[in-house]
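A.B. asks: Take a look at the following structure, please.
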């Protein structure tokens with residue numbers, strides 16, 4: 001069973017989750033996540049050797065449909081909800097560094 | 001046959017279809033009730049008054065033309081604000097979706113409209129359905145109509161309160177670990193979580209995809225059954241939607257308890273924090289079913305005690321993945337930074353509230369390298385154990401019985417500073433969710449401070465017919481509650 005979650009773990013997880021957190025939030029989450037994970041210790045320490053995982057309650061395999069074109073959402077209605085639009089496209093801040 | 005606020009959906013639809021009352025009058029009466037009571041309750045994020053009046057007028061026009069608008073003709077329905085409504089604000093009670101207008105309707109919204117129902121508003125919830133009190137809403141809490149100093153439960157607290165307050169005879173909520181059943185119990189109304197896959201989730205904003213289900217709130221079992229039968233059924237737009245022979249909730253409402261095998265789940269009746277007033281109401285319900293000719297016994301579902309811990313690893317893990325879509329690019333809030341990565345971090349920091357951040361953090365941790373197998377993988381194996389133990393129990397019993405909630409409605413603010421104590425509110429509702437089974441709550445008298453207590457009925461997958469049969473039997477003998 002893993003050890004208690006640390007301040008550094010929480011800061012690392014926040015980066016993975018693309019979530020800016022303050023120092024105060026890191027401290028609060030370290031304590032609160034520690035409490036929830038301590039409660040989960042009963043599950044983490046259970047012997048489940050040979051028990052398969054259930055990811056989903058239904059015995060479903062891939063669901064296919066005929067490859068027939070159908071109307072999509074109204075483009076203007078969709079773009080109207082975007083924070084920033086340029087020439088019929090979503091506009092976003094810079095993704096790569098300065099062009100050479 | 002009354003169609004005034006407080007009347008049942010069955011009566012309202014009958015009055016409208018027979019021409020006794022116009023849909024316009026019914027909707028106006030309920031909008032007036034909302035206007036009068038909403039400032040004290042805050043059940044809604046958005047009241048759709050103009051659209052509701054227009055929809056009612058259309059139903060009256062169709063009736064005048066000799067058409068039948070459907071089984072819910074003119075019945076006002078409140079919609080949880082995580083169900084997409086085209087052109088109508090849909091927020092999930094989150095700043096990150098404030099002002100967003102969905103470009104499409106959820107399938108359940110379309111089905112309601114086709115059945116003649118009239119959507120009157122979008123109800124408040126814990127942000128992204130994460131919570132058990134509706135206090136995690138970015139737009140302020142909802143208050144319990146039975147005692148306004150208390151929470152209505154959550155996450156579908158606005159839907160439960162809307163029905164309990166008489167704002168609408170019916171409401172839709174969503175249930176991931178108890179978010180329909182727990183608020184229904186605390187507000188003294190009927191609430192049902194259907195079998196996973198029975199109701200389409202197209203247009204339901206995802207929280208935990210292996211658990212989320214849409215389901216009904218109503219003041220009577222027959223109303224809840226009618227609403228469920230309207231929204232249930234296969235939908236090609238939802239790849240987890242069941243097809244084939246699906247159960248009717250209304251098929252045996254008058255079947256009575258005679259001859260049924262009912263198991264009272266030991267582990268849930270004695271779970272962490274179950275109050276004695278709640279336990280005694282469950283015992284009274286079991287006794288009533290036995291008096292009606294059911295065979296009632298205690299039954300053990302040993303792995304159920306691990307449900308809460310497994311759920312609070314699985315649901316946050318799925319949530320952390322689902323909520324990665326809120327990146328400030330295509331819709332919703334954007335807090336711009338110098339590059340895309342800083343935009344993501346700033347947008348999500350500003351747009352999500354504390355509970356949503358906590359679950360994203362918890363879920364990301366449970367899925368991260370080095371911890372995946374110990375937490376997420378292990379929780380999924382425990383899920384298998386819970387399903388196996390239920391299978392064993394259902395080999396001997398038609399339905400199971402338990403408390404819905406550990407206590408009656410608690411006071412506003414009582415659990416907001418201690419997330420784990422809030423999570424424990426879901427201890428009785430989670431096991432069925434993990435198994436994908438249906439479960440529902442019916443009011444069965446009152447407990448501490450004269451507040452309503454709900455009894456939970458659990459059934460195997462696609463066992464809605466017998467589940468509603470037992471619910472109707474309990475409703476028929478439930479003590480008539482004196483409203484506060």
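A.B. asks: Would you please classify the overall shape of the stretch B:19-59 from the alpha carbon gyration tensor, given that a ≥ b ≥ c denote the square roots of the eigenvalues, rounded means a/c under 1.5, and beyond that prolate means a/b larger than b/c while oblate covers the rest?
C.D. replies: In terms of gyration-tensor shape, oblate.
A.B. asks: Enter the Cα centre distance for the pair the stretch B:416-434 and the stretch B:277-350, rounded to the nearest angstrom.
C.D. replies: Value for the Cα centre distance between the two parts: 8 Å.
A.B. asks: Across peptide B:356-364, what mean number of C-beta atoms from other chains lies inside 10 Å of a residue's C-beta?
C.D. replies: Taking all residues of B:356-364 together, the mean is 6.
A.B. asks: List B:440, B:130 from most exposed to least, where exposure is judged by having the fewest other Cβ atoms within 10 Å.
C.D. replies: Listing B:440, B:130 from fewest to most nearby Cβ atoms yields B:130, B:440.
A.B. asks: Give the order of B:114, B:281, B:181, A:18 when sorted by the count of other beta carbons within 10 angstrom, beginning with the fewest.
C.D. replies: Final ranking by Cβ density, sparse to dense: B:114, A:18, B:281, B:181.
A.B. asks: As an exercise, use a Förster radius of 41 Å and the Cβ-Cβ distance of residue B:369 and residue A:62 to find the FRET efficiency, rounded to the nearest 0.05.
C.D. replies: After rounding, the FRET efficiency stands at 0.90.
A.B. asks: Next up: For a Förster distance of 45 Å, can you work out the FRET efficiency between the beta-carbons of residue A:84 and residue A:48, rounded to the nearest 0.05?
C.D. replies: The calculated FRET efficiency here is 0.40.
A.B. asks: Could I ask something else about it? Can you give me the angle between helix A:23-39 and the longest principal axis of chain A, using Cα atoms only, in degrees from 0 to 90, rounded to the nearest 10?
C.D. replies: 60 degrees
A.B. asks: Normalised by the empirical 2.2 N^0.38 Å for globular proteins, what value does the Cα Rg of the stretch A:25-100 take?
C.D. replies: Against the compact-globule rule of thumb, the ratio is 2.09.
A.B. asks: Let me know the mean shielding of A:27-37 by other chains, meaning the per-residue number of their Cβ atoms within 10 Å of its Cβ.
C.D. replies: 5
A.B. asks: Then there's this: Classify the protein assembly as shown from the C-alpha gyration tensor, please: rounded if a/c falls under 1.5, else prolate or oblate depending on whether a/b exceeds b/c.
C.D. replies: Verdict is oblate for the protein assembly as shown.
A.B. asks: Right, next: Could you tell me the relative contact order of the stretch B:81-133? Use alpha-carbon pairs under 8 Å, at least six residues apart, and round to a whole percent.
C.D. replies: 37 percent
A.B. asks: How far apart, in nm, are the 7 Å Cα→Cβ label points at residue B:336 and residue B:290?
C.D. replies: Roughly 7.0 nm, to one decimal.
A.B. asks: Note down the Stokes-Einstein diffusion coefficient of the stretch B:20-176 in µm²/s, whole number, using a Kirkwood radius over alpha carbon pairs, 20 °C, and 1.002 mPa s.
C.D. replies: For the chosen part, D equals 139 µm²/s.
A.B. asks: Also: If you average the alpha carbon positions of the stretch B:182-231 and of the stretch B:437-484, how far apart do those two centres end up, in angstrom?
C.D. replies: Rounded to whole Å, the Cα centres lie 14 Å apart.
A.B. asks: Same structure, new question: If you rank A:16, B:204, B:246 by fewest surrounding Cβ atoms within 10 Å, what's the result?
C.D. replies: With the fewest neighbours first, A:16, B:204, B:246 line up as A:16, B:246, B:204.
A.B. asks: For a label point 7 angstrom out from the Cα of residue B:243 toward its Cβ, which stretches of the stretch B:208-235 have the backbone nitrogen within less than 16 Å?
C.D. replies: B:233-235
A.B. asks: Based on the Cβ-Cβ distance of residue B:477 and residue B:20, what FRET efficiency does E = 1/(1 + (r/R0)^6) give at R0 = 35 Å, to the nearest 0.05?
C.D. replies: 0.70
A.B. asks: For the stretch B:122-201, how big is Rg over Rh, using alpha carbon atoms and the Kirkwood form of Rh?
C.D. replies: Using Cα coordinates only, the ratio equals 0.95.
Each reported figure results from applying straightforward, stated rules to the coordinates on display, with no laboratory input. Keep in mind the model is a prediction, meaning the values are calculated, not measured. Reconstructed Cβ throughout: ideal geometry from the backbone, glycine too, with neighbour counts over all protein chains shown.
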